[in-house]
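The values are calculated or read from the model by the stated rules, or taken from the named source; none is laboratory data. Given the structure is predicted, the values throughout are model-derived calculations rather than measurements. Neighbour counts are summed over all protein chains in view; Cβ atoms, including those assigned to glycine, are modelled from backbone coordinates with ideal geometry.
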């Protein structure tokens, strides 16, 4: 029986979470294609940089959403189940995100 939480390899996401994450990724993918097109059309550097900043902001929003969902589901369930090593994993993950 698969839990609604992390097995540290896979996670069953709710349909709502799945849709929200994929929608964000699809928008980011479109932004990246737009930047590629700008480079191909020799668009001025600062205009491209503004779009890169927008992609960075979109990726940060994606990371926040994913991390929030992870803490509310996987981490919370593991703590309830007595798996304290999940806290160390979360701390390690946060260190990587803050580089």
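Numerical summary
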| item | result |
| --- | --- |
| Residue match in the stretch 65-81 (condition: on the phi > 0 side of the Ramachandran plot and surrounded by fewer than 14 Cβ atoms within 10 Å (Cβ to Cβ)) | no |
| Some residue of the stretch 77-88 being at pLDDT below 95 and in contact with a helix residue (DSSP H, G or I) (Cβ under 6 Å, 6 or more places away or on another chain) | yes |
| Residue in the stretch 14-30 that is assigned to a loop (DSSP other than H, G, I, E, B) and either in contact (Cβ under 8 Å) with a residue 24 or more places away in the chain or within 18 Å of residue 62 (Cα to Cα) (or both) present | yes |
| Every pair of residues 6+ apart whose Cβ atoms lie under 6 Å, when the first sits in the stretch 41-53 and is at negative phi and assigned to a helix (DSSP H, G or I) while the second is at pLDDT 95 or above and surrounded by 10 or more Cβ atoms within 10 Å (Cβ to Cβ) | 48/38; 51/35 |
